[in-house]
1. So if I check each of B:Ile107, B:Ile133, B:Ile138, which one is touching a helix residue (DSSP H, G or I) at 6+ places or on another chain (Cβ under 8 Å), modelled with pLDDT of 90 or more and within 14 Å of chain A (Cβ to nearest Cβ)?
2. Within the range B:51-84, take every residue that is in contact with a Gly (Cβ under 7 Å, 6 or more places away or on another chain) and within 21 Å of B:Phe223 (Cβ to Cβ) and give me the one that is surrounded by the most Cβ atoms within 10 Å (Cβ to Cβ).
3. When the residues of the range B:7-32 are narrowed to those that are over 17 Å from B:Pro206 (Cα atoms) and of a type outside the set (A, V, I, L, M, F, W, C), which ends up nearest to the other protein chains (Cβ to nearest Cβ)?
4. Of all residues in the range A:92-126, count the ones that are within 19 Å of B:Gln132 (Cα to Cα) and of a type in the set (Asp, Glu).
5. Taking into account only those residues within the range A:105-132 that are among the aliphatic types (A, V, I, L, M) and within 14 Å of another protein chain (Cβ to nearest Cβ), which is farthest from the chain's Cα centre (by Cα)?
6. Report yes if some residue within the range A:201-214 is in a loop (DSSP other than H, G, I, E, B), in contact with a strand residue (DSSP E or B) (Cβ under 6 Å, 6 or more places away or on another chain) and within 11 Å of chain B (Cβ to nearest Cβ); otherwise report no.
7. Identify the single condition in (1) buried (at least 21 other Cβ atoms within 10 Å of the Cβ); (2) touching a Lys or Arg at 6+ places or on another chain (Cβ under 9 Å) that B:Glu35 does not satisfy, given that it satisfies every other one.
8. Answer yes if at least one residue in the range A:78-85 is among the charged types (D, E, K, R), within 13 Å of another protein chain (Cβ to nearest Cβ) and surrounded by fewer than 24 Cβ atoms within 10 Å (Cβ to Cβ), and no otherwise.
Amino acid sequence: MNTIRIIPRLDVKGPNLVKGIHLEGLRVLGKPEKFARYYYENGADELIYMDVVASLYGKNSLVDIVERTSKEIFIPLTVGGGLRTIDDIRNVLRAGADKVSLNTAAINNPDLIKEASRKYGSSTILISIEAIKKPDGTYEAYTDNGRERTGVDALRWAQQTAELGAGEVMVTSINQEGTGKGFDLELTKKISESVPIPVIACGGAGTTDHVADVVEKGKADAVSIASILHYNFIRHSKLEDDFSDEGNIEFLTKEKMGFSKIQDTSLNKIKKTLIQKGINCRYSKEEMIHG
Amino acid sequence: MAKLAESPRVAIVDHGLGNLFSVRHACNKVGLDAEITFSKKDILHSDAVILPGVGAFGDAMQSLRKLDLVETLQETALTKPFIGICLGMQLLMSESCEFEKHLGLGIIPGSVLHFGSPVEQDGSGAQLKVPQIGWNSIYKAENSDTVLWQDTALDGLSNNEFMYFVHSFYVRPEDPEVILSYTKYGNIEFCSSLKFRNIFACQFHPERSGTQGLKIYKNLLSFFTS
């Protein structure tokens, strides 16, 4: 029985977990390791760490966080953000990542996909595609967290990455990202049906039904989720972390509130919804009863 | 931590492919002393050997030959606790049909097949994404009357336990008696773990399969401590 994966995505800026809307307007949410551990203990199928500002500076500052996390968390960990070269990839793998996510560097130099997948195995190389819908209905791939246009057609790029040896594709709709309005089903479906490799849908989950929709209608093989899990965890945890000077933590100290469109939910509730709709996923029997 | 020096020493064979660090972290987590190494001496002097790996069969065999580790592994696989994980499981077989025919370590008679192999698809037309990436359940092979996986590396796991898989190929041992568990991917049923003499091999990644996966590492530890 093959299963649909639910993958919490942790966007990291410096030492903090952040979350933006449309990949901008970052808010500080807390220490990423704490969130990672909580999700691991509560049924996450994998985790993604994304260094959201690394592309600007051209380096990855995640290595320390990855190292601490991978010693305690025994599910697959994907790391991305600002990885440019084979050396960069090697560094995060050595810190304990299982896979790397490439976007900007892969578009600038598609041969990197070939080289990296040959060296570390296809399944280690995940290509992240951030797309914006154009007025003519096609999708254009963007880089640098949705800041730079590339002129590359997202669908053709997805096919090309699979041919070059990518093991998975993660599709983020920048239009939907962080809005809680649901995934871009059309984009996800188009890409999933045109590549032989698994597709992770990312960006837009606001309710558990959105997750089920992107699997049923969007044909996603895995779903990456941020806001609806983070806000739930924050609401149920005390503010014990020391926050660095960086970032906007105002919203955290004032009121622990998410967006109205974003449903307060947990991994357990998401999986329950999937199972009720006949979608296979990994679950523990005890959690299903007590959760 | 002083006690760690006395704990069993595991050699994690480094043939240049895949993430060996999660394997080491899993060993350390349960109290095994693990070293990532390609040194013949380290492997021969270890208490147990883990052969991990993701990536291409041909490249891995070529690398093992270059490191002059083929005979060392053939020898240790029959003399001490030995675990093959994912590609490491496949390398133990006689041969693989990846792109072209490649000879494996030849320790376990059998072959390595691709999910997309026309012989295996049985005309169902099921559209499976390859590689299989994700959690899938392992269930007991019907070849023995013993209590579920007792006294094997899977001791303590329940039937249909979820484990994490990443692969395009799977093994088919000549002797089905060695199979501990099967897993189904679409219409394809494959051997997801096996026991051959003192070898335990699995297609899934126990070090990425949460607390249930860690039980397999704990079972390796208790082999030495009980």
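1. One residue alone meets the criteria, B:Ile133.
2. Taking the candidates together, the pick is B:Leu51.
3. Kept after step one, since they are over 17 Å from B:Pro206 (Cα atoms), are these residues of the range B:7-32: B:7-9, B:14-17.
When the remaining residues are screened for being of a type outside the set (A, V, I, L, M, F, W, C), the result is B:7-9, B:14-16.
Values: B:Ser7: 17, B:Pro8: 19, B:Arg9: 19, B:Asp14: 12, B:His15: 12, B:Gly16: 8 Å.
Of everything passing the filter in the range B:7-32, B:Gly16 is nearest to the other protein chains (Cβ to nearest Cβ).
4. Residues meeting the conditions: 1.
5. The initial filter retains those residues of the range A:105-132 that are among the aliphatic types (A, V, I, L, M), namely A:105-107, A:112-113, A:116, A:125-127, A:129, A:131-132.
Adding the requirement that they be within 14 Å of another protein chain (Cβ to nearest Cβ) leaves A:116, A:125-127.
Values: A:Ala116: 20, A:Ile125: 14, A:Leu126: 11, A:Ile127: 11 Å.
Step by step, filter the range A:105-132, then rank; the result is A:Ala116.
6. No: zero hits.
7. Failed condition: (1).
8. First, the residues of the range A:78-85 that are among the charged types (D, E, K, R): A:84.
Next cut, within 13 Å of another protein chain (Cβ to nearest Cβ) only: none.
No, every residue in the range A:78-85 fails to be among the charged types (D, E, K, R), within 13 Å of another protein chain (Cβ to nearest Cβ) and surrounded by fewer than 24 Cβ atoms within 10 Å (Cβ to Cβ).
The values are calculated or read from the model by the stated rules, or taken from the named source; none is laboratory data. Computed from a predicted model, the values in this text were never measured in an experiment. A quick note on method: Cβ atoms are made from the backbone with ideal geometry, for glycine too, and the neighbour counts reach across all protein chains shown.
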